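Participant: Pasting in a structure now, in structure tokens, and then I'll have a few things to ask.
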């Protein structure tokens, strides 16, 4: 009688969902609490945008080191350290007292979160075969996008009862608990997990042994000379830029431009993120099915990646011109939701392009994405202050053109040469 495979890899998939959920809950809380913080400390839009930019400076700077750390020391250790670090600085956010201290705390918070996604990409490459990686990558992404669905409602409730500082203490404690759970349950490789059986190992590896147990340094010279390497970064700059405009400013935009109350905003702002979580998960399943049926990786990743940006940009442009609040929310929901196709294709492409250096490739891609995060909060604030919210959203939509052209050059069906 054949052995029934265990399901340890899917347990880790669920844990990745939880990690992504907590990470984005911690990020979005600042923008939801933004009106209170701006009022308490007298910040204008540009100053508050800069406070959010400090996070992305720290976050972007540690993307490649975070990916290399995960490749060298394993995802279990890298992600445990990351969760513990950022949870501490989530709590320290409540102690900030001026522009400088807010900036320092949020930069250090960003440094802590940086290794999470590159390390998760390394874990997926080791724990899932190539026909399952679309779904596997979608777990942490979907968790990330469910975070902003629930965060506004929870944050608004906590703020109205206990004040804005209580939010950061609450989620800091939650992060410490998640870090402990991850350390106890996760392992770097399937072979190292005490609960996995031979049948599941065969599903993951296809009976193939690791060809080289020695740790290698990513061939950066080859990477830098690759058009694909630059293209995967540039398209993610565009994707993350659009997403971070939502993360940083849509709560305040809905209150200022669309005249929603804080409680109404807490509900309305969740719809775009819910749509993004659903499309990310759905795209993961669909893309894996298509690859399993023999559809080329190039078509699946490239079409999904480019179409996501196209639809997102068109819908955001329509949202910018809408004068009816509920219609605006509907367009915003379609816009952000469409990016689920692109996010899933992006992270799956890191596995396709990088192979054993997935952590380095994903760190590079996420570095570019978070350069978008560095620019988006402050630039959006400047445009909104000088020219209004309609122009700010329109300019965000226009940047999508660059991302579509970049996807043509990614060619995820051709791993980057490491010779």
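Read-outs throughout are calculated quantities, based only on the coordinates presented, and are distinct from any laboratory measurement. None of these values were measured; they are calculated from a predicted model. Glycine also receives a Cβ, built like all others from the backbone with ideal geometry; neighbour counts cover every protein chain displayed.
Participant: Roughly how many nanometres apart are two label points built 7 Å out from the Cα toward the Cβ at residue 398 and residue 324?
Facilitator: 2.8
Participant: How much FRET efficiency would the formula 1/(1 + (r/R0)^6) give for residue 180 and residue 391, where r is the Cβ-Cβ distance and R0 is 41 Å, rounded to 0.05?
Facilitator: 0.30
Participant: Oh, and also: What ranking of 410, 11, 149 emerges when the number of other C-beta atoms within 10 Å of each C-beta is taken as an exposure proxy, fewest first?
Facilitator: Fewest-to-most ranking of 410, 11, 149: 11, 149, 410.
Participant: Here is a follow-up. If each residue's Cβ is checked for other Cβ atoms within 10 Å, how do 127, 10 rank with the fewest at the top?
Facilitator: Ranking 127, 10 by Cβ neighbours within 10 Å, fewest first, gives 10, 127.
Participant: Tell me the Rg and the Dmax, in Å, that the Cα atoms of the chain produce.
Facilitator: Every Cα atom of the chain included, Rg and Dmax give 20.6, 72 Å.
Participant: Specify whether the C-alpha gyration tensor of region 221-284 places it in the rounded, prolate or oblate class, a ≥ b ≥ c being the square roots of the eigenvalues: rounded for a/c under 1.5, otherwise prolate if a/b is larger than b/c and oblate if not.
Facilitator: It comes out oblate by the Cα gyration axes.
Participant: Shifting gears a bit: Taking all pairs of distinct Cα atoms, average 1/r, flip it, and tell me the Kirkwood hydrodynamic radius of region 336-376 in Å to one decimal place.
Facilitator: For region 336-376, the Kirkwood estimate is 10.8 Å.
Participant: Still on this model: Quick one: order 9, 414, 165 by neighbouring beta-carbon count within 10 Å, fewest to most.
Facilitator: Fewest-to-most ranking of 9, 414, 165: 414, 165, 9.
Participant: Which value at 222 nm does the chain reach when only helices count, each DSSP H run of 4 or more adding -39,500 (n - 2.57), with the total divided by all residues and rounded to the nearest 500 deg cm²/dmol? Intermediate values should be presented prior to the final figure.
Facilitator: Numbers: 19 runs with 338 residues, N = 419.
After summing the helix terms and dividing by the residues of the chain, the value is -27500 deg cm²/dmol.
Participant: Further question: At 7 Å along Cα-to-Cβ for each site, give me the label-to-label distance between residue 293 and residue 7 in nm.
Facilitator: 2.5
Participant: Ranking request for peptides 348-354, 375-381: highest mean number of other beta-carbon atoms within 10 Å first, then the rest in descending order.
Facilitator: Per-residue Cβ counts within 10 Å, averaged per peptide and sorted highest first, yield 348-354, 375-381.
Participant: For region 186-331, report the % of Cα-Cα distances exceeding 22 Å.
Facilitator: I get 63 percent for the Cα pairs in region 186-331 exceeding 22 Å.
Participant: Can you give the extra length, in nm with one decimal, that the chain gains between residue 44 and residue 198 once fully stretched, where that is 0.36 nm per residue apart less the Cα-Cα distance?
Facilitator: In short, 49.5 nm is gained.
Participant: Something else about it: Using a basic spin-label model with each label point 7 Å from the Cα along Cα→Cβ, how many nm lie between residue 166 and residue 405?
Facilitator: Modelled inter-label distance: 5.2 nm.
Participant: Can you give me the Cα centroid spacing of region 88-108 and region 239-275 in angstrom?
Facilitator: Here the two parts' Cα centres lie 23 Å apart.
Participant: Could you order the peptides 54-60, 391-397, 253-259, 320-326 from most to least packed, using the average number of other C-beta atoms within 10 Å per residue?
Facilitator: Listed from highest to lowest mean packing, they are 54-60, 391-397, 253-259, 320-326.
Participant: Another question about this same structure. For the chain, what does the relative contact order come out to in percent, with C-alpha contacts under 8 Å and a separation of six or more?
Facilitator: Values: 765 pairs, mean separation 115.0, N = 419.
Reported relative contact order: 27 percent.
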